[in-house]
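Worksheet: the structure to be examined is printed underneath.
No lab work stands behind these numbers, since they all come straight from the coordinates. In this text, all values refer to a predicted model and were calculated from it rather than measured experimentally. With ideal geometry, Cβ positions are generated from the backbone for all residues, glycine too; neighbour counts draw on all protein chains shown.
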């Protein structure tokens, strides 16, 4: 099934297409064939845009033959999460309410990918409205993990991470409101970065000021290439920030010697599976080999999930638009969306302001922490991927609070800092483990450089899930 195409990094695909060594038509046809073989078992794609992809591929090939100026992603396959609009295609948001919704416009980042020459293979699965850290919904069902198809891919960008992990596309556009890029990247053994809030512009709606757009890829360089395309000021987004003055890809190999790095196994409050903790600690100590000073230290903030800060801000935001649904539409939504509607509707203005004040305390705590440390390292998650529909209740003999298996990601949506999950090993069942790399606001390039340096010291992209059984199902 053209495995050599499936596992080619996007940087190599772009270079080979530009040099006329790789046909966009042949590549796209091979990727669609692979999706046809694997997706029925994994359910990563909820829409495969076969005709659109082949039309784009033929146009891309013609442009190469004519000698046209080519975009940085010319001929590179990409998927787009089904929360994002692509004109003329369904955007269901994983909900029966929007099962027949067809977009008339584009998400900013999706448009930038296509304008840069990317070939759109299809839309990827998400939990309803992106509300859950696992990917299951009443419209399309669950997305499964390529490393073990009985287990979750994580969420809410679970379809994105699963397609990348299975070699069904080089690039995936995801989003992260409480860990939704980093959680599935960790579970699926791929790289995902949540850039600084505003670095990648976003269309209005959702958890404003907390939800980030970002890349999910198999290599750090591919994410840097993708970020070069989707980052940048957008006049229609009042929160978007100034363009990065350089190139994320050009800067990614600059190294990290001399950085001050903090390692925290639990942020002072998390319950972590001992095997996951040990794998992540070994990975964190490798930063000493890369020329960094590594110390165990934690910022010292309370668990923002436990004190409901995040839930108040997120649920209140969503209750506004969920309350505008008709009674019939509200009858079609799943339990998580109903919970957001109920909880958000109960929140007073005073409660909301207090939650924002607590959010600012988390920001200030991290600002002071970064006076001493350039980077913070933690496990991305407390566990590896668990069976679909059966989240763990304990780790290391201790009981999790609700969603306690994902305690590390939410704080950095409250602060808006760049944070990435980088593959750092496998547990005794052969399931991937992610290391969480957090940097100061606007220092996205430094986070990419740190992850790239680790990738060079401990490569992961050559280890791939065994998919023969998946293809046979």
Averaging over all projection directions, find the projected area of the Cα convex hull of the range 48-87 and quote it in nm² with one decimal place.
3.4
If a/c stays under 1.5 just call it rounded; otherwise compare a/b with b/c (prolate if a/b is bigger, oblate if not). Do that for the range 81-189, with a ≥ b ≥ c from the square roots of the Cα gyration tensor eigenvalues.
oblate
Of all alpha-carbon pairs in the range 395-456, indicate the percentage at a distance above 16 angstrom.
58
DSSP bridge orientation in the chain - percent antiparallel, rounded to nearest 5
70
Ratio to report: Rg/Rh of the chain, with Cα atoms as the point set and Rh obtained by the Kirkwood method; give two decimals.
0.94
Rounded, prolate or oblate: which fits the range 129-248 when a ≥ b ≥ c are the square roots of the eigenvalues of the alpha-carbon gyration tensor, with rounded for a/c under 1.5 and prolate only if a/b beats b/c?
oblate
In Å and from the alpha-carbon atoms only, list the Rg and Dmax of the range 49-119.
13.6, 46
Taking all pairs of different Cα atoms in the range 80-133, averaging 1/r and flipping that mean, what Kirkwood radius in angstroms comes out?
11.4
Cα gyration tensor category, rounded, prolate or oblate, for the range 350-415 with a/c compared to 1.5
oblate
Per residue and in cubic angstrom, what volume does the convex hull of the Cα atoms of the range 1-135 have?
113
Would you report the distance distribution of C-alpha pairs in the range 361-473 as whole percents per 10 angstrom bin, up to the bin with the largest distance?
12, 35, 32, 18, 3, 0
Run the paramagnetic zone check for residue 372: 7 angstrom along Cα to Cβ, then residues of the range 433-471 with backbone nitrogen under 14 Å.
none
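Any idea what diffusion coefficient the range 280-335 gets from Stokes-Einstein, in µm²/s, Kirkwood Rh on alpha carbon pairs, 25 °C, 0.890 mPa s?
156
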Can you give the relative contact order of the chain as a percent, counting alpha carbon pairs under 8 Å and 6+ residues apart?
17
Calculated FRET efficiency, residue 266 and residue 111, Cβ-Cβ r, R0 35 Å, to nearest 0.05?
0.30
The distance between the Cα centres of the range 322-388 and the range 399-473, in whole Å, is 20
